Each structure stands twice: as C-alpha cells, then as structure tokens.
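The values are calculated or read from the model by the stated rules, or taken from the named source; none is laboratory data. Values in this document were obtained by computation on a predicted structure and should not be read as measured data. Cβ placement follows ideal geometry from the backbone for every residue including glycine, while neighbour counts extend to all protein chains displayed.
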Amino acid sequence: MKLAVLASGEGTDLQSVIDASEKNEIDAKVVVVISDRENAFALERAKKHKIDAYFVDPKNKTREEHEKEVSEIIDNYNADLIVLAGYLRMLTPYFISKYRNKIINIHPALLPFFGGKGMYGGRVHKAVLDSGMKISGCSVHFVDESIDGGPIIIQKAVGVKDDDTVETLASRVLEQEHKILPEAIQLFAEKRLRIEGKKVRVLPKG
C-alpha cells in the first residue's frame, strides 16, 4: 500500500511510519512526503530515506489552490492513504471529499477532549495540565469536515503525573503516537476498518 504523508514540522511521527515500513511491520510504504513549510525537518527525513519530498508553498494562493497542487502530487504517486503527521493546515471540504475516508490524522490527546481549532503541539499538553486531568494520550482518526472530530480508529492512554511539565507529558505521549500511527495504517492496509456513522469498527483479522 502506498502512503502520502503531509507534515509541517520535525516529522517524528513520519519517522515512526518509515521505520515500521522498513522493518516490514506494516504492509505499506511512504512514497511521497509533502510539506507546507520549506524548512520542515520532515522533508530531510524523507530525503535521507530516498523518499520523494516536496515543499508546496501556500503563499499567495487560496487554500483550494494550494490543495490542488498537493492533490496533483498525491495522485501522481497513486497513494492509497494520506497520513497527516503533524500537518498544521486545515483541509478544505474539496480535499476531504476528494479523498473521503482515505485521510487519517494523529492528535496528541484523547479525542474528543482537547481537540479543535488551535489545539496542536504544546498547546494541547498545556490545556491538559491546566485542566487537572489525570489521563491524557493520543488518537488516530479519519479526517472529516470537522476539526479533529472524525471517526476514531485507535487511542492510547498516558497517565498524567503531578510533576509533569508540557515537555515531559509531550514526550510520553509522543512515544505512544509512534506506536499507534503505524498500527492504524496496518489496520487500514488489512481492510479491517469499517466506518459506521461516527464510529470505527475494527474487524477481526482474516
């Protein structure tokens, strides 16, 4: 199965997918990485593994114009699944409808808590700590027109410690992100994900 990965930053989640693929832990291969930021380290990670990498500049373009450029690249590689791995741009209905149920996203919290507009990176972990929650975690979900509201595929809980900082909590959550993102991709590759309304049913193997 061919994967197109969209990333805006460091690309550690991307790295977890590349590593899982190279170890044959998933039946999928990253064929292209696309970023909206020229200096995103995710692009360097791709090049290091001889994966085609593109910077698509969003400046002086409407969101749809930018996405059409991204879409052309994805289609040129015949990607079966689009993985958002720290991609910070909101997708338009045009893009989401074109790739309906073929886009997944990783979010550093237990959705539906601590999702939505402006909730990414350290902001999420600060909100968790400020709330007094004892449990956080991460979620992989299908992308729909809502922000972080698509059907959830897989989640992993992470305990919140009394002395946690944004950085320490983020580090432990990230460890789990690197596990569940490849797991979700493999479930998709095995055609074991059935969307039923707002829920995802994981079908038994075989």
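Between GLU145, GLU190, GLU177, which is within 20 Å of GLY11 (Cβ to Cβ), among the acidic types (Asp, Glu) and either in the same structural domain as PHE113 (by TED's automatic domain parsing) or loosely packed, with under 15 Cβ neighbours inside 10 Å (or both)? First the steps, then the outcome.
On the way: GLU145 fails: within 20 Å of GLY11 (Cβ to Cβ); GLU190 fails: within 20 Å of GLY11 (Cβ to Cβ).
Among GLU145, GLU190, GLU177, only GLU177 is within 20 Å of GLY11 (Cβ to Cβ), among the acidic types (Asp, Glu) and either in the same structural domain as PHE113 (by TED's automatic domain parsing) or loosely packed, with under 15 Cβ neighbours inside 10 Å (or both).
Conditions tested, residue by residue: (1) among the β-branched types (Val, Ile, Thr); (2) out of contact with any helix residue (DSSP H, G or I) (no Cβ under 8 Å at 6 or more places or on another chain); (3) assigned to a loop (DSSP other than H, G, I, E, B).
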residue: VAL128; (1), (2), (3): yes, no, no
residue: SER136; (1), (2), (3): no, no, no
residue: ILE147; (1), (2), (3): yes, yes, yes
residue: LYS161; (1), (2), (3): no, no, yes
residue: VAL173; (1), (2), (3): yes, no, no
residue: HIS178; (1), (2), (3): no, no, no
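Looking for something in contact (Cβ under 8 Å) with a residue 12 or more places away in the chain, among the polar types (S, T, N, Q) and closer than 21 Å to LYS117 by Cα - is there at least one such residue anywhere in region 35-50?
yes
Six or more apart or on different chains, Cβ under 7 Å: which pairs go from a residue in region 148-170 that's touching a residue at least 24 places away in the same chain (Cβ under 8 Å) to one that's surrounded by 19 or more Cβ atoms within 10 Å (Cβ to Cβ) and aromatic (Phe, Trp, Tyr)? Could you list them?
Pairs that qualify, where the first residue is touching a residue at least 24 places away in the same chain (Cβ under 8 Å) and the partner is surrounded by 19 or more Cβ atoms within 10 Å (Cβ to Cβ) and aromatic (Phe, Trp, Tyr), are GLY150/PHE142; PRO151/PHE142; ILE153/PHE142.
For a quick check of your reading of the model, give me the residue pairs whose first member lies in region 185-197 and is modelled with pLDDT of 95 or more and part of a helix (DSSP H, G or I), whose second is charged (D, E, K, R) and surrounded by fewer than 19 Cβ atoms within 10 Å (Cβ to Cβ), with beta-carbon atoms closer than 6 Å and at least 6 apart or on different chains.
So the pair list comes out as ALA189/ASP27.
Kindly indicate whether any position in region 110-132 is within 27 Å of LYS23 (Cα to Cα) and not assigned by TED's automatic domain parsing to the domain that holds VAL5.
Filtering region 110-132 down to residues within 27 Å of LYS23 (Cα to Cα) leaves none.
Checking region 110-132: not a single residue is within 27 Å of LYS23 (Cα to Cα) and not assigned by TED's automatic domain parsing to the domain that holds VAL5.
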